[in-house]
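The values are calculated or read from the model by the stated rules, or taken from the named source; none is laboratory data. The shown structure was predicted, so the numbers you read here are calculated from the model rather than taken from an experiment. Glycine gets a Cβ as well: all are built from the backbone with ideal geometry, and neighbour counts include every protein chain shown. Heavy atoms of the whole protein, side chains included, go into the accessibility calculation; ligands, DNA and RNA do not. Shrake-Rupley method; radii C 1.70, N 1.55, O 1.52, S 1.80 Å.
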Amino acid sequence: TIVQPGTGTLNLIAGDSISQSGGAAIQSRTLAAQSGSSISLTETGNRFGAVSVSAAGNVDLVTQATSLALNGLQVTGGAASVDNRGGAVQFAGATNVGGSLTVRGTGALSQTAPITAANLSARTVNDAGAAISLNHASNLVPSATLAVRNASDTGNAPAPIACRSATMRSRMATFGCS
């Protein structure tokens, strides 16, 4: 089963959890999801290019978009995981995660809006190298692990890492970040 609103927006709103099962893939230009609990959209056939999410619990998103724009990620009571297996990830809207934020992309990771999270794990996986540029002046991330890896995630790949956090300046300097 494929939920395919095409070029429009798929709006998912629930007072409880939102999840997928049985291979029901979402193929939509934009996904907007709001939950009073958790959101888990992890089917391998998902293809959504822009996401706005608000949840009181954990958020787990998997897509295969050429480019994924996170237009807003608000997670008040849990952690968030975003995995774009098809390309780049851009933080295009404010991201606020009460717990850990994990982001992975096969293309570059970049941002035009701030990230606030208890800790951040950011990884690119691409044999040619895919840069990580998370250097917004208003980032508030006390702990971060950033890695540029090959496609099989068995070794490092050649690409620059640029990052900044107002709450972790001294430690991030060891990664070549400010």
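The table that follows gives values for the structure above.
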quantity	calculated
In the range 30-45, residue modelled with the lowest pLDDT [restricted to those that are assigned to a strand (DSSP E or B), of a type in the set (Ser, Thr, Tyr) and closer than 20 Å to GLY86 by Cβ]	THR30
Condition check for GLY77: part of a loop (DSSP other than H, G, I, E, B), open to solvent by 10 Å² or more (accessible area, probe 1.4 Å) and either aromatic (Phe, Trp, Tyr) or free of Cβ contacts under 8 Å to residues at least 40 places away in the same chain (or both)	yes
Test: ASP127 is free of Cβ contacts under 8 Å to residues at least 60 places away in the same chain, under 30 Å from ALA14 (Cβ atoms) and either in contact with a strand residue (DSSP E or B) (Cβ under 6 Å, 6 or more places away or on another chain) or surrounded by fewer than 19 Cβ atoms within 10 Å (Cβ to Cβ) (or both)	no
Search result, residues across the range 46-58 that are assigned to a loop (DSSP other than H, G, I, E, B), of a type in the set (Gly, Ala, Ser) and open to solvent by less than 20 Å² (accessible area, probe 1.4 Å)	GLY57
SER21 crowded, with 19+ Cβ neighbours inside 10 Å and either more than 27 Å from ASN150 (Cα to Cα) or modelled with pLDDT under 90 (or both)	no
Lone unmet requirement of (1) assigned to a strand (DSSP E or B); (2) touching an Asp or Glu at 6+ places or on another chain (Cβ under 8 Å); (3) of a type outside the set (Asp, Glu) for GLY72	(2)
Filter pass, GLY105 being of a type in the set (Gly, Ala, Ser) and open to solvent by 10 Å² or more (accessible area, probe 1.4 Å)	no
Which listed residue, of LEU61, LEU140, is of a type in the set (A, V, I, L, M, F, W, C) and buried (at least 19 other Cβ atoms within 10 Å of the Cβ)	LEU61
Qualifying residue in the range 28-36 (condition: among the basic types (Lys, Arg), crowded, with 17+ Cβ neighbours inside 10 Å and over 13 Å from the mean Cα position of the chain (by Cα))	no
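Conditions tested, residue by residue: (1) of a type in the set (D, E, K, R); (2) over 15 Å from the mean Cα position of the chain (by Cα).
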position	(1), (2)
ARG104	yes, no
PRO114	no, no
THR124	no, no
SER138	no, yes
VAL141	no, no
